[in-house]
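Values in this text are rule-based calculations from the coordinates and carry no lab data. Quick caveat, the model's predicted, so the values are computed rather than measured. No Cβ is skipped: glycine too gets one built from the backbone with ideal geometry, and neighbour counts run over all protein chains shown.
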Amino acid sequence: MARQLAAITGASSGIGEIFARKLANSYDLLLIARRIDRLESLAAELRARHGAIVTVLAADLTDESQLATVAEQLAADHTLGLLVNNAGFGTRGLFWETDLEAQQQMHQLNVLAVLRLSHAALRNMVPRKAGAIINVASVAGFVRRAGSVSYGSTKAWVVAFTEALYLEMKRIRSPVKVQALCPGFTYSEFHDSMKIDRMRIASRAFWLRADFVVDESLKALPGGRLFVIPGWRYKMVVNLISSLPLPLRLLFESKASRAR
Ligand SMILES: NC(=O)c1ccc[n+]([C@@H]2O[C@H](COP(=O)([O-])OP(=O)(O)OC[C@H]3O[C@@H](n4cnc5c(N)ncnc54)[C@H](OP(=O)(O)O)[C@@H]3O)[C@@H](O)[C@H]2O)c1
């Protein structure tokens, strides 16, 4: 049987790169990010190792016309079996103090690109009654924190968006699966880009390997689980925070906001 295509945004490093490495065994790949040199060398390695057809697409997903090109490609490829909306970034500092343009770009990437590419992929997958979407959200989508106003809001949007899509797929009895992958702190380039000292924000016990995060996601995909929260500590945090009455939640979030 011909292999299906897995499209991965943000495949040039971190969690996205690990998705590419783990999926190359069973899918052909479309790798999307801005750093084309990184994508090319990963693609060459995966072609040689797995015999997969690996295509790379250099795109800045905050750019409307480049995003449209990616969306058109996803809508047109009838072998599309999986879309991983993974590209994302955060910024440091209090919302009012930080550069507005960076906050807007974050919404364009973490929200609008996910919206646009999910729409293109579902238009393709739903009529074919096949396929899956993994949206990389975050534990930050469940816990508000000072210093993470835009990032937490964009990830809360991904959580809500994916949950509602899940309900739509159930309502139309579609076999298309949607998953919100919600990692906590994960070793990748994410915090390096923000020049954040990892050990200053959380003890070692809270840091996850991207390998583990991706394994948890892919393990849960065949069963169609909506929320994947890798690691027992983070499952506890999310369950606790989600079950607290609002005043207690705010107290918890205020303490967490002061801790860093
Ligand atoms: N690391 C964590 O602690 C953590 C925790 C929870 C959730 N997450 C989420 O996990 C996802 C992956 O992050 P990561 O931890 O793997 O960080 P990362 O190593 O920094 O990877 C981010 C990826 O996004 C791509 N990207 C950034 N801006 C882009 C743009 N404008 N257009 C296209 N691609 C762009 C980057 O590629 P280029 O620079 O080559 O474009 C890179 O491949 C993100 O959505 C992040 O919010 C991370």
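Sorting Val84, Val56 by the number of Cβ atoms found within 10 Å of their own Cβ, with the fewest placed first, yields Val56, Val84. Calculated mean residue ellipticity, 222 nm, the chain: -15000 deg cm²/dmol, from DSSP H runs (n ≥ 4) at -39500 (n - 2.57) each, averaged per residue and rounded to 500.
Shape summary of the stretch 46-118, radius of gyration then Dmax from alpha carbon positions: 15.4, 49 Å. Normalised by the residues of the stretch 131-190, what does the relative contact order come to in percent, with Cα pairs under 8 Å and at least six apart? Answer for the stretch 131-190 is 49 percent.
Both the radius of gyration and Dmax for the stretch 97-236 are 15.9, 48 Å, in that order, over alpha-carbon atoms. Note on the stretch 139-182: Cα convex hull, mean projected area over all directions, 2.9 nm². Long hydrophobic helices in the chain: the complete DSSP H runs spanning 27 Å or more by Cα along their own axis with mean Kyte-Doolittle hydropathy of at least -1.0 are 149-171. Amide H contacts for Leu80 (H built 1.01 Å from N in the peptide plane; partners 5 or more residues away or on another chain; cut-off under 5 Å): Leu5. So what's the net charge close to Lys155: Lys and Arg +1, Asp and Glu -1, counting the other residues with Cβ under 13 Å from its Cβ? For residues surrounding Lys155, the net value is +1.
Under 5 Å between amide hydrogens, built in the peptide plane, is the criterion, and for Ala87 it picks out Thr9, Gly10 among residues at least 5 positions away or on other chains. Within the shell defined by Cβ-Cβ distances under 13 Å, the residues around Gln179 carry a net charge of +1, with Lys and Arg each +1 and Asp and Glu each -1.
One way to sum up the overall shape of the stretch 191-259 is the equivalent ellipsoid from its Cα gyration tensor, whose semi-axes run 24, 21, 9 Å, largest first. On the principal axes of its alpha carbon atoms, the chain extends 54, 42, 34 Å, with the longest extent given first. Distant-in-sequence amide contacts of Gly131, defined by a placed amide H-H separation under 5 Å and a gap of 5 or more residues or a different chain, comprise Lys177. In terms of its Cα atoms, the stretch 1-139 spans 54, 34, 30 Å along the principal axes, sorted from long to short.
Please work out the C-alpha center-to-center distance from the stretch 186-228 to the stretch 59-132 and express it in whole Å. Cα centres, the stretch 186-228 to the stretch 59-132: 20 Å. In vacuum, with every alpha carbon of the stretch 78-128 counted as one equal point scatterer, what does the Debye formula give for log10 I(q)/I(0) at q = 0.23, 0.28 Å⁻¹? Two decimals, please. For the stretch 78-128, the Cα-only Debye profile gives -0.83, -1.04. Both radii were evaluated on the Cα set of the stretch 106-158; the Rg over Rh quotient, with Rh as the Kirkwood radius, amounts to 1.10.
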